[in-house]
Amino acid sequence: MIPLNWIVGLGAALFAIGAVGVMVRKNPLIMFMAAEMMWNAAALVFVAYARSFHAMSGQVMAFIIIGTAAAEVGIGLAIIVSVYHHRHRLDIDEVSQLKG
Amino acid sequence: MTYALWPEYSVVIGVFVTMIAVMVFNRRSIQAYWVGLATIVVSGIITIADWSSKSLPVALYGHAVTVDAFSLVVNGLVLVAAAGALMIGWNDKRYGPDFPVLVLLALLGMMVLGLANNFVVLFIGIELLSLPLYILAASRGTGESGEAGLKYLLLGAFSSGILLFGLALLYGASGTLVFTHLDPAHMILPLAGAGLALTVVGLVFKLGIVPFHMWIPDVYEGSPLPVTTYMAFGTKVGAAAILMRFLFFGFSLDAGWWGPALGYLAVLTMVVGNLLALAQKDLKRLLAYSGIANAGYLLVGISAHNMFGARALLFYLLPYGLAVLAAFAVIQFVAGERDSLSLDDLTGLAYRSPWLAAFLTVAMLSLAGIPLTGGFVGKFYLIQAALFANQPGLAIGLVVGAMVGLAAYVRPLQRAFSKAAGESSEPIRWPVAGSIVLVVAVVATIGLGVYPAPVVHIVNHSAAFYWLH
Amino acid sequence: MIGFVILAIIALGGGIGVIVARQPVHSALFLIMNILALAIFYILLSAEFLAAAQVIVYAGAIMVLFLFVVTLLTAGKDDREPKENLAGQRLTAGILAVLVGGGLAVVGVLYPSRAIGLGLPHNFGNLRGMGVTLWGPDFIYLAAVALMLLTAAVGVLVLNRPRRQVKPAPRLEERES
Amino acid sequence: MFLVWLMAVPLAGAIATLIAPKEVSKAIAAITSLVGLVGYAGLLFISRAGIDWAWIPQWGIRFHLVSDGLSLFLLGLSAVLFVVAVFASDAHAGRAYYFWLLVLSFSVVGLFAAVDLFVFYVFWEVLLIPVFFLLTGWSGERGKKAAMKWLIMNLVGSFFMLVGVVALAVIHNQNGGGLTFEISQLSGMSMSAGVASWLFFAFLVAFAIKAPLWPLHGWMPDAYGESPAPVTAIISGVLSKAGIYGILRVMIPIFMPQFREYQTLLLIVATAGLVYGALMALRQQDMKMVTAYGSLSHMAMMALGIFSLTSVGLLGTTFYMVAHGLMVGGLFLVLGMLENRTGTRTIQDMAGLNRSAPRLAAYFLFFVLGTLGLPGLPGFAGEYMIIQGLIASHVVFAVIAGFILIVAAWYMLRVFQAVMQGPARTTAIKDLWSRQVAWLVPLAGLVILIGIWPAGITAHAVPSLYHAMHFALGKGGVH
């Protein structure tokens, strides 16, 4: 038998790691990945409880979380790319201004 | 005859029609805006039709959503917010043709939050609301806008994570996802307590309550102006609505768990938000802190936890939103090509454009809560709620916050009414759509202050309706 | 139980790896490890469909996207994080998060939910079971996810459409002078 | 209905100033205030006009206005002073000035006529806004600071009063009486002593700040010193009476037991204010500030009349409010004209002006004598009644008050002597123009009229004072 309560504990640990990552790191990509990990931890806990209640509702919730995460990552990476590009362009602008 | 979910369905249809309009017509076209506005109007009409039907409340999709008078009032509020944001940013080349599509998508999220009765719908609503706003915040393409979008995204993902984990623990403690099936008496207490705490923190993050408010000023400042307007009004409505639904539907019997905690947060938020507003030099930041403080006022309605509190919260959202619309419309006009406005830029506004100064005055006085504006009636209702709940501390906190806030709101007015040092610059352009928003918002603000009885009636009806649960 | 411990160690190791790695590429790889470990957990928890979805959507799509972006943005750059004066505050927040997370873990372990002793229902967690639910009573959730993905598509278009270089408008003082 | 028209006229005038061209703003304001005055004269014949409309029925709020003996003469005072202030104003002040002046007039009518606590509070706060803008836009360098001080201090008081207002209604509801804000229904309500004391001080502080009463007069020196003369006249003549009026109208019916409980304390504080104001007035070199501090002292006098808790003291205060409003308003206007002509307000810089401007000197003397309480002028009758009330309750304070009256004569006459009499050191100034005389004469006439015929007011006021206080009377509160 799988120890359900230990899986919940594992989920909490992953959640905490993700939260620490968001708070301590400054690289947006890593922060974003840490946030994804928090979502994953929640999904894991949902699935574990779904198993314990023999109810599909928790699994449905986990599926929704995965789907939403996909959408969120798409948008998030687009924003990160545009911000990086802009910063990059700014750097070049500054350099050329210095020279000119 | 009830059209239960048709306000939401019509918005979904509107999203697709708007996208088709963007594709079919020239990219720089205005048609998408008209389609978006038409969608909002149609949805509003269906909402009104729903309101007059007798068959509410109705639970659909296995108690996933409940359409009741409360959700319809929320619908009305967010429709006003969306219409205001759309018209303030009407056909502005800076925001591109996709602006109406994203406004409609976020609108859908806000409406969903109003009728959620289940964890899944709660989460879907939050994300449907947030995802388009991340894009909108970053859509300006300048450095600040991108940074604002990035910050919003990261904090949003973080708070959604907290929310999700809280919901997961609550699910484990209760075995159900439906708010109204939650039974605090039969839960596993530590799990339920931890889950409730995390969930509330997650939601309060979205609402912008001190100490979870750090992201709001930066995001509001960096986002394009119509988007900031939308966030300040619509997001607050959605977050307050879902917080209230979640707590009142699920944990109404055990208000002792969350009532006092939220009460302290409310007082802290009102005082700190207004204090920080006092120090701001940028008008958008000032309004951001004002938004934080107003979130505190909203929390008073929730932590009072009585019928008056629910009604007062619903009522307060309207004058707050109208004042926000008016203030941001004025900023948009005065700022012109730019996207932000410092207090110094306001100097001499009364001489450049007396009407704008007058409208700004009404908006600010309403935010400050001076009588004969809607803001006063809203605060009055909230004080009533706090005193009916036998919590004079909340009422005192509210007025202390209002006192501090008053000084913050009056400072821009003093600037506006003093003479400019240099010669005034070019005259201010009044875009037609924005002017409509501005005039309607100001007239409605005064109207709410002078004769609030009809709105009070609606609000009382909706909160009484839902209280039967 | 031993399987659980090994898997848990892999998952936790992946998680810790994500937040301590210096290079985002390494973080992404650690995250994939973590996700795969979770997928195995899903199988153990009789959520076959979710396990597949986790592997295909998360590891297959999301993380590939991540890796792609990471390599696109940080290739050949030393992405050293700048020092800032908020370090103390961040550290405090981090410690707080560790404490809260530890508390949650203890609560989760000590208070198991009410388990149902009966055998699992038919089709629990497999493709058919999920399909019947998601295309049946819970269809609106699926529709909502579809809308979110649509939003993401629009968002990518909006954020990365070629824009003409907008000159920042001069500030008021400059125009006056 | 009549009262509604009385409110609608200034409001319509205010809107008209916004629409009409700038040049006619003053004319509009003048016509509006004159129509208001005529309307008020009509009110004198109707005497007990009133309206009672449902406003927010869900909360039991009624738009209930009454002109009874308490409010009738204060309405008159404001009608007269607004006419005078408009005529005394600068014709080029701009349309916004007249707009705010008329809005102020509108809210003052509402305030004095309201008998529903919610309505009262609404107008109580609304009138802060026009004054704030008048101070911001049309005063000296420190005007902005003065405006800020005015707004913040007053709102600090009134926000706590707001909690008090709601608390009263809520307690009334919890007592089973339903949700209502009607003062007459809230009066004599039973509440626990602790709560009642808190509410009592919440209200008292709000009213004391507006009056202003020592030690809550922090906004007064700046606001009086910086504002243009007509605005000063309105603030000191009308608005400061609103504070005293609030104590009479709202607190006496509701908080009589608390008044009894804290009577000694209140008398001591009010007396301290009386002495403080007089002494400060003696020290000032600025003639406007002398009048301002003198006014502070007189406000304390009115408070003493109330705190004596005798019917004659209350009556004296009611009468003295009207009398003092007319005289101090006139005095500030005369000082304003003097300042316009000499360009200074410092006493040492002026001397012997009565040579060049005898008419101005005469009016100056008239209002000075009025404020210091010369028999035959209305100040005397009011102070007499107040001291009579004090003798009946606490004779010690009567003695101090009588002594301060002498000091008052000293500081007022000091100003007059220094400015008007003595060798003419300063350059000659223009005397009053005939137009200015035209509106000073009726004002002075009115002062003389109520000075020699105080019964015209008191006879009206007595029944409604008793009416307003019958609960208190029933409990043996008023002798």
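None of the figures in this text is laboratory data; all of them are computed from the coordinates on show. Fair warning: this is a prediction, and the values are worked out from it, not measured in the lab. Heads up, the Cβs are rebuilt from the backbone with ideal geometry, glycines too, and the neighbour counts pull from every protein chain shown.
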Filter on B:K284/D:K22; D:K26/D:K144; B:K281/D:K22; B:K284/B:K419 - keep pairs with C-alpha separation over 26 Å:
B:K284/D:K22; B:K281/D:K22
Normalised contact order of chain B, rounded percent, pairs of Cα under 8 Å and 6 or more residues apart:
15
At what distance in angstrom do the alpha carbon centres of the stretch B:202-253 and the stretch D:215-288 lie from each other?
45
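Quote the charge dipole size of the stretch D:283-365 about the Cα centre in Debye, to the nearest 20; the model charges only the Cβ of Lys and Arg (+1) and of Asp and Glu (-1).
180
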Projecting each Cα onto the charge dipole of the stretch D:262-479 (Lys/Arg +1, Asp/Glu -1 at the beta carbon, about the Cα centre), which of D:A409, D:T344, D:I457 comes out farthest on the positive side?
D:T344
Simple SL model, points at 7 angstrom along Cα→Cβ for B:F25 and D:K145; separation in nm is 5.7
Between the modelled labels at B:V450 and D:E23 (7 Å from Cα along Cα→Cβ) the distance in nm is 3.1
Suppose only helical runs count, i.e. DSSP H with n ≥ 4. What mean residue ellipticity at 222 nm does that imply for chain A under -39500 (n - 2.57) per run, divided by all residues and rounded to the nearest 500 deg cm²/dmol?
-32500 deg cm²/dmol
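With +1 on each Lys and Arg Cβ and -1 on each Asp and Glu Cβ, how big is the dipole of the protein assembly as shown about its Cα centre, in debye rounded to the nearest 20? Please list the in-between numbers first.
Working: 64 positive and 49 negative charges, 317 e Å.
Around 1520 debye, computed over the protein assembly as shown.
To the nearest 0.05, how large is the calculated FRET efficiency for B:T180 and D:V395 if R₀ is 56 Å and r is the Cβ-Cβ distance? Write out the running numbers ahead of the final one.
Numbers: r = 71 Å, r/R0 = 1.27.
Given R0 = 56 Å and the Cβ-Cβ separation, E is 0.20.
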What relative contact order, as a whole-number percentage, does the stretch B:1-151 give when Cα pairs under 8 Å and 6 or more residues apart are counted?
24
Relative contact order computed over chain D (Cα-Cα under 8 Å; 6+ residues apart), in percent:
15
Evaluate the distance, in nm, between pseudo-label points positioned 7 Å from the Cα of C:F68 and of D:D90 along their respective Cα→Cβ axes.
7.0
Can you put B:M23, D:M350, A:M38 in order of Cβ neighbours within 10 angstrom, beginning with the fewest?
B:M23, D:M350, A:M38
What list of ³J(HN,Hα) couplings, whole Hz, do you get for the stretch D:14-27 from phi and the Karplus terms 6.51, -1.76, 1.60, once you set θ to phi - 60° and write x for glycine and proline?
4, 5, 4, 5, 5, 8, 5, x, 4, 5, 9, 4, 5, 4
Per-residue HN-Hα couplings for the stretch B:336-343 [Karplus 6.51, -1.76, 1.60; θ = phi - 60°; Hz; x = Gly/Pro]:
x, 5, 6, 10, 8, 8, 8, 4
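Can you figure out the FRET efficiency of D:R414 with D:I452, using R₀ = 30 Å and their beta-carbon distance, to the nearest 0.05? Please report the intermediate quantities before stating the final value.
Working: r = 27 Å, r/R0 = 0.91.
Efficiency computed from Cβ-Cβ geometry: 0.65.
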Karplus couplings for the stretch C:89-98 from phi (6.51 cos²θ - 1.76 cosθ + 1.60, θ = phi - 60°), rounded to Hz, Gly and Pro as x?
4, 5, 4, 4, 4, x, 4, 4, 4, 4
Roughly how tilted is helix B:143-174, in degrees to the nearest 10 and between 0 and 90, from the longest Cα axis of chain B?
10
B:W34 to B:V439: FRET efficiency via 1/(1 + (r/R0)^6), r the Cβ-Cβ distance, R0 30 Å, to the nearest 0.05?
0.90
Need the C-alpha centroid separation for the stretch B:348-426 versus the stretch D:102-159, integer Å.
14
The alpha-carbon center of the stretch D:354-402 and that of the stretch C:1-59 are separated, in whole Å, by 91
Relative to chain B, whose Cα atoms define the longest principal axis, helix B:255-278 and its Cα axis are tilted in degrees, nearest 10, by 10
